[in-house]
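Note sheet for the following structure.
The values are calculated or read from the model by the stated rules, or taken from the named source; none is laboratory data. As the structure is a prediction and not an experimental result, all values here were calculated from the model. Neighbour counts are summed over all protein chains in view; Cβ atoms, including those assigned to glycine, are modelled from backbone coordinates with ideal geometry. To get the accessible areas, we keep the full protein, side chains included, count just its heavy atoms, and leave off ligands, DNA and RNA. Shrake-Rupley method; radii C 1.70, N 1.55, O 1.52, S 1.80 Å.
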Amino acid sequence: RVEDCLRGGHSLVYDETNMLRAQRDQLRGIAARQQARACVLYVATTAEQVRQRWQENRQNPQRGDVRDDNFNYVIDHFEPPGSDEGLILYDPSLPLHDWIARVFPLEQQQNAES
């Protein structure tokens, strides 16, 4: 589906854990075949923060639950993306609008001119 979307000339966000570099490499290969730019939007979060949010979601569900064994598997096997992976690091300390303007200044300028 990703390749079909790119082949059709569309941009997309592939919202998935992609916990292993090999998974991200596979997606980059699909993008390259379609001459599309691929990047990794990385929300750098500690395992403790992730665990806390997971437990909070169980108390007040805002999204689907993740089984204990699946959660622990991802925590134990996650491979953080490297700087050579087209990395865009999300900084949650900034208001979202400010972060977008800082990371995508050209796109902001082009949108303002349109």
Can you send over the solvent-accessible area of V2, 1.4 Å probe, protein chains only, in Å² to the nearest 10? 30
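Please quote Rg/Rh for segment 1-59 to two decimal places, taking the Kirkwood radius as Rh and restricting both calculations to Cα atoms. Walk me through the intermediate numbers first.
Details: Rg = 14.9 Å, Rh = 13.4 Å.
Dividing the radius of gyration by the Kirkwood radius yields 1.11.
If you build the Cα gyration tensor of the chain and take the root of 5 times each eigenvalue, what three semi-axes come out, in whole angstrom, biggest first?
Details: eigenvalues 152, 86, 40 Å².
Equivalent-ellipsoid dimensions as semi-axes: 28, 21, 14 Å.
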The chain, dipole about Cα centre (Lys/Arg Cβ +1, Asp/Glu Cβ -1), debye to the nearest 20: 220
The longest stretch of the chain containing none of the trypsin sites (Lys or Arg not before Pro) that sit in a DSSP loop with at most 16 other Cβ atoms within 10 Å is 68-114
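What ranking of H10, H97, H77 comes out by heavy-atom accessible area, probe 1.4 Å, highest first? Please list the in-between numbers first.
Values: H10 110, H97 130, H77 80 Å².
Ranking H10, H97, H77 by accessible area, largest first, yields H97, H10, H77.
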Select from I100, I88, I30 the residue whose mean-square fluctuation is largest in a Gaussian network model of the chain (Cα-Cα springs shorter than 10 Å). I100
For L6, L41, L20, give me the order by solvent-accessible area with a 1.4 Å probe, most accessible first, ignoring ligands, DNA and RNA. L41, L20, L6
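Note down the Stokes-Einstein diffusion coefficient of segment 27-87 in µm²/s, whole number, using a Kirkwood radius over alpha carbon pairs, 37 °C, and 0.692 mPa s. Display every interim value, and only then the final one.
Numbers: Rh = 13.9 Å.
Estimated diffusion coefficient is 236 µm²/s.
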